[in-house]
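Notes follow the structure.
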Amino acid sequence: MKLRKNKTFKLGGVHPDDQKISAGIAITPLPLPKIVTIPITQHIGAPAKIVVQRGDMVKVGQIIATHEGFVSSNIHASASGRVGVIEEVMDSSGFKHTAISIRVKGDDWEESIDRSETLVEEIKSEPKEIVTCIMNAGVVGMGGAAFPSHVKLSVPEGRHVDYLLINGVECEPYLTADHRIMLERPREIIVGIKILMKALGVQHAIIGIEDNKQDAIELFQKLLKKESGITVEALAVQYPQGGEKQLIQALLNREVPSGGLPSDVGVIVHNVERLMRSIRPCKKQTVN
């Protein structure tokens, strides 16, 4: 009997030593820093507009800069404390951007954020409400462009999307964050998929995971037995399969045209961590 090979994209690609040395280590909360510095350019498109001043007290999750235009995103405080200097700082790529510093004082959260661990699976919100919630929450992609999620979910009129693909590939050496999220928060990922399926009006979703994460594949295979329209697909280990175009070709054998977008071939792609960001900050509005 000929064994079935796991899917992958057709041309190119390499297989570097993956060095997933932290795959067996649970996600660990870090201690609060004394100061956090938050750039207001954290996404492709227009920089956000600052809405706080030096000396203001802010809470975790509070909006400190609002999106400007359609392709932009809200920026929230990641720590509670007093706003310090607002000045240009250099990012990891050597470019200067305006940033807001916060002197951390405690861990106080914005009251509107539901921090309970109760996972509500019934989705009552309408598609437009879901997209608005995600926009207000400032959710962006985890790739280099940090593309605002509400833009990706706003499919242009006349374009039809029939598949939601969930990127659990994590093909880069050393990275294990997505792997750990899939092992530790699988039910939340599934609820997040359902929320986005409703927002997009699609009936099919596929979670793509490379086969060096067999524990995550087996976990989702077990959990999805009772779910309709959501499947998991094991992929061959091949870099850069985490790229949208490569993932689409590997899972659906559809080719995004040069200069085009996944929606051109009826697909929207979301990373597993972006799913988490899509349901946690606005849980009350989205699933209650």
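For MET90 and TYR174, FRET efficiency with R0 = 22 Å and r from the beta-carbon atoms, rounded to 0.05?
Details: r = 24 Å, r/R0 = 1.10.
Plugging the Cβ-Cβ distance into 1/(1 + (r/R0)^6) gives 0.35.
Each residue of the range 57-73 in turn: what ³J(HN,Hα) in whole Hz from Karplus with 6.51, -1.76, 1.60 and θ = phi - 60°, glycine and Pro shown as x?
Karplus-based 3J(HN,Hα) across the range 57-73 equals 8, 10, 10, 4, x, 6, 5, 10, 8, 9, 5, 10, x, 5, 8, 6, 8 Hz.
What's the magnitude of the charge dipole for the chain around its Cα centre, counting Lys and Arg as +1 and Asp and Glu as -1 at the beta-carbon? Answer in Debye, nearest 20.
Working: 35 positive and 34 negative charges, 50 e Å.
The calculated dipole for the chain is roughly 240 debye.
Measuring from label point to label point, each 7 Å out along Cα→Cβ, what is the GLN53 to TRP109 span in nm?
Going from the GLN53 label point to the TRP109 one covers 3.0 nm.
Only one of the values (1) 20.2; (2) 18.2; (3) 19.4 was calculated from this structure for Kirkwood radius over Cα pairs in Å; name its label.
Recomputing Kirkwood radius over Cα pairs in Å here picks out (1).
Within the chain, which is the longest segment that contains none of the GluC sites (Glu not before Pro) sitting in a DSSP loop with at most 11 other Cβ atoms within 10 Å? All intermediate terms of the calculation are to be shown ahead of the outcome.
Numbers: sites that count: GLU111, GLU117, GLU121, GLU122, GLU157.
Answer - 158-288.
For the range 35-104, what class follows from the C-alpha gyration tensor (a ≥ b ≥ c being the square roots of its eigenvalues): rounded when a/c is under 1.5, otherwise prolate if a/b is larger than b/c, else oblate? Walk me through the numbers before you get to the answer.
Working: a/c = 2.00, a/b = 1.26, b/c = 1.58.
Cα axes put the range 35-104 in the oblate bin.
To the nearest 10 degrees, how steeply does helix 186-200 sit against the main Cα axis of the chain, on a 0 to 90 scale?
Taking the Cα atoms of the chain, the angle to 186-200 is about 90 degrees.
Say the cut-off is 18 Å between C-alpha atoms; which of LYS152/LYS194; LYS128/LYS198; LYS49/LYS96; LYS34/LYS59; LYS194/LYS245 go over it? It would help to have the intermediate numbers written out before the result.
On the way: LYS152/LYS194 16 Å; LYS128/LYS198 10 Å; LYS49/LYS96 16 Å; LYS34/LYS59 15 Å; LYS194/LYS245 23 Å.
Violating the 18 Å Cα-Cα cut-off are LYS194/LYS245.
Once amide H atoms are built 1.01 Å from N in the peptide plane, which residues 5 or more positions from ILE207, or in another chain, come under 5 Å H to H?
Result for ILE207 returns ILE166, THR231, VAL232, GLU233.
Roughly what angle does helix 214-223 make with the longest principal axis of the chain, taking Cα atoms, 0 to 90 degrees, to the nearest 10?
Helix 214-223 sits roughly 90 degrees off the main axis of the chain.
Based on the Cβ-Cβ distance from ALA236 to VAL120, what FRET efficiency comes out when R0 is 41 Å, to the nearest 0.05?
Values: r = 37 Å, r/R0 = 0.89.
Result of the calculation: an efficiency of 0.65.
Where does the charge balance sit around GLU255 when Lys and Arg score +1, Asp and Glu -1, over other residues with C-beta under 15 Å from its C-beta?
On the way: positive: LYS7, LYS10, LYS245, ARG254; negative: GLU244, ASP264.
My count for the surroundings of GLU255 gives +2.
Just to confirm the number: angle between the C-alpha axis of helix 127-136 and the first principal axis of the chain, 0 to 90 degrees, nearest 10?
Value to nearest ten degrees: 50.
Arranged from highest to lowest average of other beta-carbon atoms within 10 Å per residue, in what order do the peptides 22-28, 262-268 appear?
On the way: 22-28: 11.1, 262-268: 18.7.
So the order, starting with the most tightly packed, is 262-268, 22-28.
Rule-based calculations on the coordinates, nothing more; no lab input. Only a predicted model underlies this, so the values are computations on that prediction, with no experimental measurement involved. Cβ: placed from backbone, ideal geometry, glycine included. Neighbour counts: every protein chain shown.
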